[in-house]
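The values are calculated or read from the model by the stated rules, or taken from the named source; none is laboratory data. Because the structure is predicted, anything quoted here is derived from the model rather than measured. Ideal geometry is used to build each Cβ from the backbone, glycine not excepted, and the neighbour counts take in all protein chains shown.
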Amino acid sequence: MSKLLIVDDEIDVREFAKNFFTRRKIETFVAAGGKEAIEIVKTQKPSLVLLDVRMEDMNGLDVLSEIKKIDKNIKVIMVSGVEEKDAIDKARHLGALTFIHKPLVLDELEQIVLKELSVN
């Protein structure tokens, strides 16, 4: 079974996305910040991470860097509320697949996540 980790400091975003993907039979974990996310990556080995760029405890780019040190094959999609060209460029350089912008559009999110998890 595919595993998805959702990392966002907004509880409503985390819970909404978790419920959405759990109903689609995807094992879904959530983390409120970077340190928690890194621990989940180490213990649960998710296939895909939806990672917020701006969080209080750790910058999403730093978390991305740590995830790639743990396992370079984990796919990471960055989630951002603002268009930041520098952040986008740096995230791609660090290995992020793509960027999704908030507010999240469920159809777009579902399409991207299912494609990356190869769930039909």
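A few notes on this one:
- Every condition in (1) buried (at least 19 other Cβ atoms within 10 Å of the Cβ); (2) among the basic types (Lys, Arg); (3) assigned to a loop (DSSP other than H, G, I, E, B) is met by Arg24 except one, and the failing one is (1).
- Hits in segment 20-49 - residues which are hydroxyl-bearing (Ser, Thr, Tyr) and touching a strand residue (DSSP E or B) at 6+ places or on another chain (Cβ under 9 Å): Thr22, Thr28, Ser47
- Consider segment 1-53 and keep the residues that are basic (Lys, Arg) and touching a Lys or Arg at 6+ places or on another chain (Cβ under 8 Å). The one that is nearest to Val63 (Cα to Cα) is Lys45.
- Pick from segment 65-80, criterion under 14 Å from the mean Cα position of the chain (by Cα) and assigned to a helix (DSSP H, G or I), ranking: surrounded by the fewest Cβ atoms within 10 Å (Cβ to Cβ): Ser65
- Which listed residue, of Asp62, Asp57, is over 21 Å from Lys3 (Cβ atoms) and assigned to a helix (DSSP H, G or I): Asp62
- Within the set Lys35, Lys102, the sole residue that is without any contact (Cβ under 8 Å) to a residue 60 or more places away in the chain and either surrounded by fewer than 19 Cβ atoms within 10 Å (Cβ to Cβ) or not aliphatic (A, V, I, L, M) (or both) turns out to be Lys35.
- Scan segment 81-97 for residues that are at pLDDT 90 or above, of a type outside the set (Lys, Arg) and surrounded by 13 or more Cβ atoms within 10 Å (Cβ to Cβ) and the total you get is 5.
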